[in-house]
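The values are calculated or read from the model by the stated rules, or taken from the named source; none is laboratory data. As the structure is a computational prediction, the values presented were derived from the model and not from experiment. Just so you know, the surface numbers come from the protein's heavy atoms only, side chains and all, with ligands and any DNA or RNA stripped out. Shrake-Rupley method; radii C 1.70, N 1.55, O 1.52, S 1.80 Å.
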Amino acid sequence: MGIRTITILLSIIALEVGSTAYGQSVEQWTSWGDAATARGEYYGASRFYAGALELEPGRIALQWKQAEAFRLSNQYPQAASLYERIAQKDMGHTYPEALRWLGEMQLCDGNYTEAQRTWNKVLQKEKDKTSTVARRAENAIAGCQLAGEAKTSDYEVAHLPGPVNTNDSEFGARTGPDSVLWFTSLRGELNDDGEVQDTSAYRVGIYSSRPAPQGWNEPMAEAAQPDGMGHSSANLMWTPNGDRMYFTMIHADGTKYIATRTPSSPAQVLTGLEAHPDATQPWVAMIDGKPVLLFSAQGGEGDMDIWYGDLNDDAVSNIHNAGQLVNSPGNEVSPSYDQTTGKLWFSSDFHAGLGGYDIFRIDWQNAPDGLQNMVALNSPANDLYPVYDAATGKGWFTSNRKGSFAAKGETCCNDIYRIQGIAQKPIKDTLL
């Protein structure tokens, strides 16, 4: 089903749900919702399932599908309400994860008092206290307590204005050569209902912008030859000397690779990552005098993990998992490395945090000193793609927190945020 068809169906819902929804059957609404879910169109799926639930509001299987669609489209309060209803009715028989997801959604909505009660129930019900669910419950309870502590910070956080941030999704900001801001955006034309129009330009792509006297200049799309960086591209970073860039290249069929190119050469897929076909979010740094590629991929401690390997322009070798102090049974993503302090920055949805993904950092050389939750930067929602340069005290991260620009819901979409800290003297290797 194409984007135009999706748009038409969503328009039908806007007209019919609540008034003429009875013109369609529960099965038809559900079928549309299932198809949207299969394509990853979770916001649209939640509206299709709403049409089905208008007809049969008590069907628990439909409530579960809509709760999942709400969760996956970051509609936290709506998801929490449905998961709570399911948990009360089902008592863990058919949907044992309902209580756990209720706790996660309460965290993401900043409802820490209720979240702590829910996670205590999850932990109480879990017989194996060493299980992944029990470990997550313990971390979530610790996160609730962390949220209640007084916070002081050496960082100032600012939400970037338009035209950098839009009602679509912007993420993965990095500073490139000549202080240009590079970032990724999923952009397309919207109609009056905030729905994407049928346009071939609606794809994830790389943009750049410069500061202007009054804000920021209009972002420019990366001007590569047609498909010179793949059908779509994301997560670009430059080496500081400006001679090479690394990025995630995405083909039209959805397959993706970490690739590299110079300003004058075509993209090349990095070799050596064959054992990590889903590798993404590249970061390049000098560690112990050698160029190193950091990336996120599956196949380690849990879901997505942080990995690293020796880098030689377009080839990676000697790949290692970052280990259990960094990686967990959950997801660890968007790594970066601060050359000045020798600290690894990344995001995790499993370690003790405020909700969703939180930003963490750890000393690369002396990891036993402990993992640090960057509480002052984090929110109840998702906080991702942290980048920080302690030498200048400047950095960036991505968040869908309340206050981000959104047309469909206050936590639906990612925006870029700026970090301003206190500059420090370099103590590590210089960048490439």
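Remarks
- Choice from 153, 399, 296 with maximal GNM fluctuation in the chain (Cα, 10 Å cutoff): 153
- If the segment from residue 214 to residue 394 were pulled out straight at 0.36 nm per residue, it would be longer than the present Cα-Cα gap by 62.9 nm.
- Of all accessible heavy-atom area on region 265-359, the percent that carbon and sulfur account for (1.4 Å): 48 percent
- Rounded tilt (10° steps) of 98-108 against the dominant C-alpha axis of the chain: 50 degrees
- The Stokes-Einstein estimate for the chain, based on a Kirkwood radius over Cα pairs and taken at 10 °C with 1.306 mPa s viscosity, is a diffusion coefficient of 70 µm²/s.
- Between helix 26-38 and the chain: long-axis angle, C-alpha atoms, 0 to 90°, nearest 10: 10 degrees
- Acute angle (nearest 10 degrees) that the helix 132-147 long axis makes with the longest principal axis of the chain, alpha-carbon atoms: 80 degrees
- For the cross-link pairs 89/402; 151/256; 151/394; 151/343; 65/343; 127/343, the ones whose C-alpha atoms lie over 29 Å apart are 89/402; 151/256; 65/343; 127/343.
- Part-to-part distance (alpha-carbon centres) for region 66-144 and region 326-363, which is given in Å: 22 Å
- Based on protein heavy atoms only, the chain ends up with 45 Å² per residue of surface accessible to a 1.4 Å probe.
- Built amide H within the under 5 Å cut-off of residue 357, gap 5+: 382, 383
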